[in-house]
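Notes follow once the structure below has been shown.
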Amino acid sequence: MALTNFGEQFAAKTLKKYYQSAITPVITNRNYEGDIKKAGDRLNILSFLSDLSLEDYVAGTDMSVQTIVDSEDTLVVAKRKSYSFPIDKLEDVFTYADDIAENLVDNAAKVVERSIDSYVLEQAQFARAGNWVGINLRVAGGGATAGTSASIATSATGGTLSLQADDEGGDDTTGVNNMPNVENSEDGGIYFSGLTAADVGKPIRLTSGKTWATGWYRITAVTDSQVATIENWDANVSAADGGAPNGDILRYLYGGSGDDEATYAQNGDGKPSGGVVTAGGANSGWGWELQAAGGTAITATNVYEAVTMLGTALDKGEIPDSDRHITVPPIMMQMLKQASELQPAISMAYEGVVLNGKVGRVAGFDIHMAAGSRVSTRAAHYNGTTLASGASGSGASTTITAGPATYQVLANHISFITFAYKWSESRIVDAENQFAKKYQGLHLFGALVPAQRRKAGAVLFCTF
């Protein structure tokens, strides 16, 4: 009879779980960590909104005095993560493994790292309005006779955006008609023309024709499908610094053409503000554009182009070309390796070098890979299932479904996110009424994207 059991051996070491190296230390700055470690759970950070201006000096003439406008951001220690697990003395004596405590404590540390990375990558939502790359939803204005119109009423903190769409047979009076589904000229898809809570944080602007547009504004809240509150990309509320000269807080309200907002006019006749939006009224003709309403389908063919568009967005904000990072999911890393523009190799792509998740370099960005719960996603804009049919009344042309979960790939300069550890401690305590020890840890940390630093971040809103 052949022997099949030659005896058993038991490993002296437990099976360790391996995780990605933490990404946070290299894609964020920790400029204020020393201050946040002092008393209190929040830190106020002062910044100045405008650059100093220069003028020609004329002898014997007084120089003009520039008004300095400041702003304040608050870094809050918002996250408190802890762990606590016991190891009984009896279990420790009789088990065959000799590194149980060491392994579990190491595992806890890695789980904390993963939680921090996930929290930090969620800050992508604060990237500057105008710096999102995806499928834009364009709803054209209806001109002087149709009911599709948009307007902005400025306020002390930004403005209120009001939309109205022609439902092809419904009542075109503001607040009565339904927002219909429309075919998007960008990709031919059917989208809901109104707004939902899923659009909060996204950029939006008003458009007139195919070439004229206001600046990009950030949606801060959605009241209903036709009304939202908006703010400047940096939340600026001072007309003295880059605000419209006639007192409107929102920049570039009159608009301009081209991709460079710096060339847009602040004010002028025909700006899309004031009054009730009605068919043929003073504000007729303005449509709207929601940036990155849907996710761009990324393939090996277009992945390099998408990354360069992110780089261009940062370039427009005069962001330094050093210390730039992009954090991608594994499938996007695979596509980067396959992209024809990057052959024969991305730097480090075929080397066994992984430091803080860094797996390569492309188009001026250090590439970091985030997998599992580290990956940041959010819902896309609502999709429509049918186009307007000409019917009026409740439910006409508004059969919609929630948008799919879509990747937020963050591209940023190191200045974009400020991260700080407030405090961390680990300890071993005796368990009461047991022959056991408890291994415990507590981590307090926070992250902030200062309003002025939003321009140092860009987002690729995409699917694979």
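The values are calculated or read from the model by the stated rules, or taken from the named source; none is laboratory data. Computed from a predicted structure; not experimentally measured. With ideal geometry, Cβ positions are generated from the backbone for all residues, glycine too; neighbour counts draw on all protein chains shown.
Data table
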| item | result |
| --- | --- |
| When residues of the range 414-464 are limited to those that are of a type in the set (Phe, Trp, Tyr) and in a strand (DSSP E or B), the one nearest to residue 294 (Cα to Cα) | 461 |
| Evaluation of residue 308 against (1) touching a helix residue (DSSP H, G or I) at 6+ places or on another chain (Cβ under 6 Å); (2) at pLDDT 65 or above; (3) surrounded by fewer than 22 Cβ atoms within 10 Å (Cβ to Cβ) (one fails), failing number | (1) |
| Tally of residues being at pLDDT 75 or above and either surrounded by fewer than 21 Cβ atoms within 10 Å (Cβ to Cβ) or of a type in the set (D, E, K, R) (or both) across the range 159-178 | 1 |
| Test: residue in the range 111-121 that is of a type in the set (S, T, N, Q) and at pLDDT 70 or above | yes |
| Residues satisfying the stated conditions in the range 344-376, i.e. β-branched (Val, Ile, Thr) and either modelled with pLDDT under 85 or surrounded by fewer than 16 Cβ atoms within 10 Å (Cβ to Cβ) (or both) | 346, 353, 354, 359 |
| Within the range 144-157, considering residues that are surrounded by fewer than 21 Cβ atoms within 10 Å (Cβ to Cβ) and modelled with pLDDT of 80 or more, the one nearest to residue 213 (Cα to Cα) | 153 |
| Counted residues, the range 185-209 - those being buried (at least 21 other Cβ atoms within 10 Å of the Cβ) and more than 21 Å from residue 261 (Cα to Cα) | 6 |
| Segments classed as strands (runs of 3 or more DSSP E), wholly inside the range 190-268, with at least 1 members that are modelled with pLDDT of 75 or more and farther than 30 Å from residue 405 by Cα | 203-208 |
